[in-house]
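Just below is one structure, and these are the notes that go with it.
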Amino acid sequence: MKHLLSTTDLSRGDAILILDTAEEMAAVGEREVKKLPALRGRTVVNLFFEDSTRTRISFEAAAKRLSADVINFAAKGSSVSKGESLKDTAQTLEAMSADAVVIRHWASGAPARLASSDWIDAAVINAGDGTHEHPTQALLDAFTLRRHWAALAGTSPGGSDLRGMSVAIVGDVLHSRVARSNLWLLKTLGADVTLVAPPTLLPVGVDSWPCRVNYNLDEVLQSGPDAVMMLRLQGERMNAAFFPSTREYSRRWGFDDARLATLDAAGGRSTVIMHPGPMNRGLEISSAAADSPRSTILAQVRNGVSVRMAVLYLLLSGDSSGEPGRIPTPILQENPA
Amino acid sequence: MSVKYIIKDAAMADGSHADLLVADGRIMETGASLSAAGATILDADGLLALPGMVDLHTHLREPGREDAETVETGTRAAALGGFTAVHAMANSMPVADTAGVVEQVFSLGRRAGWVEVRPVGAVTVGLAGERLAELGAMADSRAQVRVFSDDGLCVHDPVLMRRALEYVKAFDGVVAQHAQEPRLTAGAQMNEGAVSAVLGLTGWPAVAEESIIARDVLLAQHVGSRLHVCHVSTAGSVEIIRWAKGRGINVTAEVTPHHLLLTDDLVHSWNPVYKVNPPLRTAEDVTALREALADGTIDIVGTDHAPHPSEHKECEWAQAAMGMTGLETALSVVQHSMIETGLMNWADFARVTSSRAAEIGRVGGQGRPLAAGEPANITLVDPAARWTVAPDKMATKGRNSPFAGLELPGAVQATFFRGHPTVLDGMLNTPHPSAVEDSAWM
Ligand SMILES: [Zn+2]
């Protein structure tokens, strides 16, 4: 693995290695000194063609905890928007000896384009591209789900997958890179996925995806999923005839107080509610749901740093053949300067 | 004293063999063992003699985008590809929507001298789809325009389309429609289907093409006009055209070489060389297009040769320009996908790449049989050759060939344009001698 572009490229072994490594990174995060020397002297560039403070901060924290040098390159509002091309930007970063480029781009496929070009040698990490994929989000979601699943079983998450788990992904699947990355990764890890959305917000071609599709959220909630992942509804969808009004959307596909109450009344199952953030409270998710004990939203943010540390570590400290090595145990014992 | 050529022992499209004596721009004689004093002999043993290819759909980019292509470079590419006539699409800058611009393009073609350049006139002023361009003035100009198209854009207003179809009857013109419903394709990046769903690229539904074709064949029927459908790309479009022809509607249709071979699976590479309008479709569509070309539902192959400067393709998919080069690969791609698959023979090839295209475009002197007295527009092909496509070695300025690296059959050995070899031994020779007599601005 030289790049992380999509969860479709991740084998089960790769995915579990990343999640296990992230568990080790999480352990570091609980120590008093949260820093590892693993990537000292390496340069990680956050190349953001689209604003996302939360994703950038998460990658920045991850890189810094591994002692990497971090350069933030907000391509929006810089020379790039004045016509400097992705190619020129990439060559500039190459000249600056970037070891990894974390790229967020409004255009689907931009990270893959960068990785397959001869413009730059660095490892490319997709931090969200258009409506294509957001693989580290899916990995942190899987990390969160795996901990939940293991806790229910009374085991430790290390080495395990999500076999037997049922996950509902609810909302604007058509435009969601989070939904796509999650679907492929959840399938690889053995989970069962149901997509819940208005028919207008599902892609033509969804029938060839390895999941079930249901237009009725209540029906899916009654089936007792182990996790419900709510997707963010983007503002620009609201006036493009995908649905009649945000109120109607919210009534049919929002996780509101009534649905939370129904879920609680049904008892038994410890269904968790997830959201990749930022939330539109009162639209796709109610405040009561977002703040309930079922919500994993803050845990997801926390886990994001551990997962991104694992990805950076595995991509940058693997041997030159590009094979990620097992994380050498001594590194975790070493006392950072 | 005129220059004479004897093409010795060429195979004809019907499988027979003959010598062709070429002089004064014409085929003077055909038969066995011809001889003529002072004639240059071309040994055509193992070669096929075909009528010079006629492209109804070429983007030569001049005037305005000379960084992408010029009439000179585009027509060199055409000659090397076996063409003796090309139709230059109207989406230049300025748009070819006046007699002045079409005459300029016509003159540039005459002066280049590699092939006959037939300008296409825009249907609407500035391709804006709002009011008719001066179609009659373009028809009456020195360029004698007969094909009108807003190609690149669809004449989507049904009333305007109806009027255009009616109006061009006055001078036996044809409207060549780029069938793309604009509202259904806003922001579209690739064929809408299984691949676009996974890649998260805005889909370009087949229905956006099919609904316009359905509307236009009904309009053509209603007003009794002639309609040509550019670059048909879906199985559904084929069905509609087949239905229309069955009803006696006067519609003709074209398919590009790339739509006969490539599918949207290639977009997984994110390489914008595969970005084109209409988009690459599915394997089922490719099969339907091949069958339609073989059975005559689709009349002709049109290259939609669309060169772009490399910076327009060296970028993100969404930022990249749409279009592919095609003049120098058309023959080989059609041989590969239609002849080597057994769907067509070389006589069919001559029909779909030459005679039928000349009929649709009303190009006299092109697409004629290789017979005594006919104009000497001839392509000599080595069907047994195999070659690997290398865009860097092409005559077109465009490096955006989707066939780069592919090994393809069939090579153009020589092209005779009005009796003069523009291509010999597979390489450019010289332009037609009359070229020097033409000024670009007269
Ligand atoms: Zn077109």
Number of the condition not met by B:R183 [criteria: (1) without any contact (Cβ under 8 Å) to a residue 12 or more places away in the chain; (2) in contact with a helix residue (DSSP H, G or I) (Cβ under 6 Å, 6 or more places away or on another chain); (3) not hydrophobic (A, V, I, L, M, F, W, C)]: (2)
Residue among B:V159, B:V198 that alone is more than 19 Å from the chain's Cα centre (by Cα), more than 16 Å from the ligand (Cβ to nearest atom) and within 30 Å of B:E316 (Cα to Cα): B:V198
Complete set of residues in the range B:282-324 that are within 12 Å of chain A (Cβ to nearest Cβ), open to solvent by 10 Å² or more (accessible area, probe 1.4 Å) and part of a helix (DSSP H, G or I): B:S310, B:E311, B:H312, B:A318, B:Q319
Among (1) away from chain B (no Cβ under 13 Å); (2) of a type outside the set (S, T, Y); (3) not in a loop (DSSP other than H, G, I, E, B) - the single one A:G158 does not satisfy: (3)
Condition met for A:V178 (in contact (Cβ under 8 Å) with a residue 60 or more places away in the chain, within 14 Å of chain B (Cβ to nearest Cβ) and open to solvent by less than 30 Å² (accessible area, probe 1.4 Å)): yes
Residue list for the range B:37-59, restricted to those being aliphatic (A, V, I, L, M) and within 16 Å of the ligand (Cβ to nearest atom): B:L56
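So that you can scan it fast, the table gives a plain yes or no per residue for (1) closer than 22 Å to B:R356 by Cβ; (2) part of a strand (DSSP E or B); (3) at pLDDT 95 or above:
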| position | (1), (2), (3) |
| --- | --- |
| B:K8 | no, yes, yes |
| B:G15 | yes, no, no |
| B:A18 | no, yes, yes |
| B:S33 | no, no, no |
| B:A36 | no, no, no |
| B:L56 | yes, yes, yes |
| B:A68 | no, no, yes |
| B:T75 | yes, no, yes |
Any hit, the range A:56-65, residues being among the aromatic types (F, W, Y) and crowded, with 22+ Cβ neighbours inside 10 Å: yes
Some residue of the range B:124-145 being in the same structural domain as B:F83 (by TED's automatic domain parsing), within 19 Å of the chain's Cα centre (by Cα), within 16 Å of the ligand (Cβ to nearest atom) and over 21 Å from B:S434 (Cβ atoms): no
Any chance A:V70 is open to solvent by 10 Å² or more (accessible area, probe 1.4 Å), more than 10 Å from chain B (Cβ to nearest Cβ), in contact with an Asp or Glu (Cβ under 8 Å, 6 or more places away or on another chain) and not acidic (D, E): yes
Test: residue in the range B:77-98 that is among the β-branched types (V, I, T) and either within 16 Å of the ligand (Cβ to nearest atom) or not assigned by TED's automatic domain parsing to the domain that holds B:P307 (or both): yes
Residue within the range B:382-390 that is surrounded by fewer than 16 Cβ atoms within 10 Å (Cβ to Cβ) and touching a Pro at 6+ places or on another chain (Cβ under 7 Å) present: yes
All positions within the range B:64-74 that are more than 16 Å from the ligand (Cβ to nearest atom) and open to solvent by 10 Å² or more (accessible area, probe 1.4 Å): B:G64, B:E66, B:D67, B:T70, B:E72, B:T73
Any pair with Cβ under 8 angstrom, 6 or more apart, that starts in the range B:333-357 at a residue that is closer than 24 Å to B:G405 by Cα and ends at one that is of a type in the set (F, W, Y) and modelled with pLDDT of 95 or more: B:V333/B:F403; B:V334/B:F349; B:Q335/B:F349; B:M338/B:F349; B:I339/B:W346; B:I339/B:F349
Spans of helices (runs of 4 or more DSSP H) in the range A:248-322 with at least 3 residues hydroxyl-bearing (S, T, Y): A:297-317
Elements of type strands (runs of 3 or more DSSP E) in the range A:37-135, at least 2 residues being without any contact (Cβ under 8 Å) to a residue 60 or more places away in the chain: A:43-48, A:69-74, A:100-105
Among (1) surrounded by fewer than 24 Cβ atoms within 10 Å (Cβ to Cβ); (2) touching a His at 6+ places or on another chain (Cβ under 6 Å) - the single one A:R147 does not satisfy: (2)
Subset of the range B:216-235 (residues that are more than 16 Å from the ligand (Cβ to nearest atom), buried (at least 18 other Cβ atoms within 10 Å of the Cβ) and assigned to a helix (DSSP H, G or I)): B:V217, B:L219, B:A220, B:A235
Any hit, the range B:250-268, residues being away from the ligand (no atom under 16 Å from the Cβ), open to solvent by 30 Å² or more (accessible area, probe 1.4 Å) and either within 19 Å of B:E166 (Cα to Cα) or not assigned by TED's automatic domain parsing to the domain that holds B:D304 (or both): yes
Any hit, the range A:223-231, residues being over 19 Å from A:M279 (Cβ atoms) and open to solvent by 30 Å² or more (accessible area, probe 1.4 Å): yes
The one condition in (1) open to solvent by less than 10 Å² (accessible area, probe 1.4 Å); (2) within 16 Å of the ligand (Cβ to nearest atom); (3) touching a residue at least 40 places away in the same chain (Cβ under 8 Å); (4) touching a helix residue (DSSP H, G or I) at 6+ places or on another chain (Cβ under 6 Å) that B:A206 fails to fulfil: (1)
Residues of the range A:233-247 that turn out to be in a loop (DSSP other than H, G, I, E, B) and surrounded by 12 or more Cβ atoms within 10 Å (Cβ to Cβ), as a count: 5
Failed item, numbered, when B:I213 is tested on (1) assigned to a strand (DSSP E or B); (2) within 14 Å of the ligand (Cβ to nearest atom): (1)
Residue match in the range A:185-202 (condition: assigned by TED's automatic domain parsing to the domain that holds A:D264, of a type outside the set (A, V, I, L, M), within 28 Å of A:S286 (Cα to Cα) and open to solvent by less than 10 Å² (accessible area, probe 1.4 Å)): yes
Entirely in the range B:94-203, the helices (runs of 4 or more DSSP H) that have 3 or more residues that are more than 14 Å from chain A (Cβ to nearest Cβ): B:99-112, B:135-140, B:158-167
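The values are calculated or read from the model by the stated rules, or taken from the named source; none is laboratory data. Keep in mind that what you see is a predicted model, and the values were worked out from it rather than measured. Here Cβ is always computed from backbone atoms with ideal geometry, including for glycine, and neighbour counts include all displayed protein chains. To get the accessible areas, we keep the full protein, side chains included, count just its heavy atoms, and leave off ligands, DNA and RNA. Shrake-Rupley method; radii C 1.70, N 1.55, O 1.52, S 1.80 Å.
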